[in-house]
1. Taking only protein heavy atoms and a 1.4 Å probe, what accessible area per residue, in Å², does the chain have with all protein chains in place?
2. If you take the beta carbon distance between Ser16 and Gln97 as r and set R0 to 25 Å, what does 1/(1 + (r/R0)^6) give as a FRET efficiency, to the nearest 0.05?
3. Treating only the Cβ of Lys, Arg, Asp and Glu as charged (+1, +1, -1, -1), what charge dipole size does the chain show about its Cα centre? Round to the nearest 20 debye.
4. With each label point set 7 Å from Cα along the Cα-Cβ vector, what nm distance links Asp45 and Arg75?
5. Using the basic label-point model (7 angstrom from Cα toward the beta carbon), what is the Ser113 to His57 distance in nanometres?
6. Carbon and sulfur together cover what percent of the accessible area of the chain at a 1.4 Å probe radius?
7. List the trypsin sites (Lys or Arg not before Pro) within the stretch 73-114 that DSSP assigns to loop and that have no more than 11 neighbouring Cβ atoms inside 10 Å.
8. With r defined as the distance between the Cβ atoms of Lys106 and Asn27 and R0 fixed at 25 Å, what FRET efficiency is calculated, to the nearest 0.05?
Amino acid sequence: VQLQASGGGSVQAGGSLRLSCAASGINFKINTFAWYRRPPGKQHDLVASITSTGVSHSADSVKGRFTISRDNVRRTLYLQMNILKPEDTGVYYCFTQLRGVDYWGKGTLVTVSS
């Protein structure tokens, strides 16, 4: 299983970014996927998740600003991030599980300046 995240960058507060995560080596359409982030000097936390049927969950801190989605044909997970805040700064990882094994993408850095 390989998860390749991309789309990070540096933006000013109020800006937008879209992260992508291309998956391979997995039956993409039947798996639940998630985005986690690790702020500088902190533990990683869950940002959003989406099931195989498209049911999504978002952390309270990003509700109304971030949208998780998936394209089963392109085998790609997305995270649309709007109205970005400095506290959204961190390394963002895509994540999935297969047969009890955790798989993490390499991470993409998002930096939001005030």
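1. Numbers: 6160 Å² over 114 residues.
Ligands and nucleic acids excluded, the figure is 54 Å² per residue.
2. On the way: r = 29 Å, r/R0 = 1.16.
Once rounded, the FRET efficiency stands at 0.30.
3. Values: 13 positive and 6 negative charges, 44 e Å.
I would put it at about 220 debye.
4. Placing both labels 7 Å beyond Cα along the Cβ direction yields 3.3 nm.
5. Placing both labels 7 Å along Cα→Cβ, they lie 3.7 nm apart.
6. Values: 2970 of 6160 Å².
Heavy-atom surface of the chain belonging to carbon and sulfur, 1.4 Å probe: 48 percent.
7. On the way: sites: Arg74, Arg75, Arg99, Lys106; in loops: Arg74, Arg75, Arg99, Lys106.
When the trypsin sites (Lys or Arg not before Pro) of the stretch 73-114 are filtered for loop state and at most 11 Cβ neighbours within 10 Å, Arg99 remain.
8. 0.70
The values are calculated or read from the model by the stated rules, or taken from the named source; none is laboratory data. Only a predicted model underlies this, so the values are computations on that prediction, with no experimental measurement involved. All Cβ positions, even for glycine, are placed from backbone atoms using ideal geometry, and neighbour counts span all protein chains on display. All accessible areas refer to the heavy atoms of the entire protein, side chains included, with ligands and DNA or RNA removed. Shrake-Rupley method; radii C 1.70, N 1.55, O 1.52, S 1.80 Å.
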